[in-house]
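Asks: Let me begin by handing over the structure; questions about it come next.
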Amino acid sequence: MAASAEAMADVSISKSRLLQESLSNAVPMPRYHQNYGLDHDNINVLSVGTIRERMESPLEKKDPLERARLFILNKDSSRYKEALEILSDREQVNTPVAQYFLGMIYYHGLGVAKDYEKAFKHMSASYEGGDLNALYYLGVMYLDGHGVKHTPN
């Protein structure tokens, strides 16, 4: 079995090298890699870092409410606290969308301890402001008795 595992590893490595060679021939090396004399093995690591930098800069240009919404919907747990700060801002907190996402934060415990009473308060405010997405959570809270008296009807 050990021989077959080694053979499989050799085949995998050779396929990886063939793919890397075909890609390096098909995709020209960026100028900044040529200037610094970097080899093709380092391009993969550097490219991932470059792509991440390019992805974050457009996000920072977005409206704060949109950024907070994306942090929550994309389940970016490293940024839940930032989303909470954005949504708790006086300018944002009065909008139905901000109330809805604050409700989600407290209902699911995203970066904070679960607090069904706060979740219910924010979801109610969101629904009263015209956001129908909050209606689902309000129904679930009434059904389960989370943050409000259990009311199955």
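Asks: Which order do Leu65, Leu70, Leu132 fall in if you start with the one that has the fewest other Cβ atoms within 10 Å? Intermediate values should be presented prior to the final figure.
Replies: Details: Leu65 18, Leu70 14, Leu132 10.
Listing Leu65, Leu70, Leu132 from fewest to most nearby Cβ atoms yields Leu132, Leu70, Leu65.
Asks: Separation between the Glu66 and Lys149 pseudo-spin-labels, each 7 Å from Cα along Cα→Cβ, expressed in nm?
Replies: Label at Glu66, label at Lys149, 4.4 nm between them.
Asks: Quick one: Ser78, Ser126, fewest Cβ neighbours within 10 Å first, how do they rank?
Replies: Ser78, Ser126
Asks: Exposure proxy check: Met123, Met104 ranked by fewest other beta carbons within 10 Å?
Replies: Final ranking by Cβ density, sparse to dense: Met104, Met123.
Asks: Given the stretch 63-153, what count of lysine pairs have C-alpha atoms under 19 Å apart, with each pair 8 or more places apart or on different chains?
Replies: Numbers: Lys75/Lys114; Lys81/Lys114; Lys81/Lys118; Lys114/Lys149; Lys118/Lys149; Lys121/Lys149.
Lysine pair count for the stretch 63-153: 6.
Asks: Same structure, new question: With the alpha-carbon atoms as the only input, what is the per residue convex hull volume for the stretch 53-153 in Å³?
Replies: Values: hull volume 9.3 nm³, N = 101.
For the stretch 53-153, the hull spanned by Cα atoms encloses 92 Å³ per residue.
Asks: Mind listing which trypsin sites (Lys or Arg not before Pro) in the stretch 103-143 are in a DSSP loop and have 12 or fewer other Cβ atoms within 10 Å? It would help to have the intermediate numbers written out before the result.
Replies: Numbers: sites: Lys114, Lys118, Lys121; in loops: Lys114.
Those that pass, being in a loop and sparsely packed, number zero.
Quick note: the coordinates plus some simple rules give every number you see, no bench work behind them. None of these values were measured; they are calculated from a predicted model. Heads up, the Cβs are rebuilt from the backbone with ideal geometry, glycines too, and the neighbour counts pull from every protein chain shown.
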